[in-house]
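Below is one structure; the comments refer to it alone.
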Amino acid sequence: MAEDLKYIIESLLFVSETPLTMDHLKGIIEGEETAAIRTALDELMAEYEQRDGGFVLKQVAGGYQLRSQGRYNEWIKRLIKPSTPRLSKAALETLAIIAYNQPIIRSDIEHIRGVDSGGVIRMLMERKLIRVLGRKEIPGRPLIYATTKHFLEVFELKDLKDLPTPREIEELSRSRLEEQTNVDDHAEDHPLASPLPAETPEADNHFDNQD
């Protein structure tokens, strides 16, 4: 299998709708060492980078995923035919506040913004950009919010340590969020275009790590 390992991994990446983690790959490719899988991934990344074609292999949300080149977004949008509106300035502002202050409750978000944010928070949850971690043990037991794996995928981040600045979030969102949400609606059979996380925000009674 060793000689075919790189191409086995390539085929898995091609059909996967979400980033593939090392543990996931090891579970599928039984008997292969982590070092061998990582070497194969590094070789694929180098090949795609040298080729400089229509897609690349990137580390996203704790895994690996094939992604289309940003410079070809214009043609991709012609195929997908965008219909989903971009996030508003209020939504982007709220998303940035949650990203940099998570875990955070609604009252703290509204204290920072100075306005009611209930509708914006619901919309961000519908877009699967934020989720509910649980409830804070204070009077009223308010919900606690944090970003999702989908948020990491949209902004091509390995993890929260790679968060861009608030200004970069707004600039990136002008193209990526529109592309991502439109792919969610229209490209169910096209794994190269974008991930399709099956994540639904639910309220738990405990804290956990970024999912």
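Of all residues in segment 131-150, which are modelled with pLDDT of 90 or more and charged (D, E, K, R)? Quick ask: steps written out before the conclusion?
Taking segment 131-150 first, the residues modelled with pLDDT of 90 or more are 131-139, 141-148.
Those that are modelled with pLDDT of 90 or more and charged (D, E, K, R): ARG131, ARG135, LYS136, GLU137, ARG141.
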Matching residues in segment 1-22 - criterion: being part of a helix (DSSP H, G or I), surrounded by 14 or more Cβ atoms within 10 Å (Cβ to Cβ) and acidic (Asp, Glu): GLU10
Residues located in segment 114-159, provided they are of a type in the set (A, V, I, L, M) and over 15 Å from ILE104 (Cα atoms): VAL115, MET123, LEU152, VAL154, LEU157
Top-ranked residue in segment 23-51 [being free of Cβ contacts under 8 Å to residues at least 12 places away in the same chain and not in a helix (DSSP H, G or I); ranked as least open to solvent (accessible area, probe 1.4 Å)]: GLU33
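The values are calculated or read from the model by the stated rules, or taken from the named source; none is laboratory data. Just so we're clear, the structure is a prediction, and the values are computed from it rather than from any experiment. Cβ: placed from backbone, ideal geometry, glycine included. Neighbour counts: every protein chain shown. The protein model used for the area step is the full one, side chains on, heavy atoms only, and it has no ligands, DNA or RNA in it. Shrake-Rupley method; radii C 1.70, N 1.55, O 1.52, S 1.80 Å.
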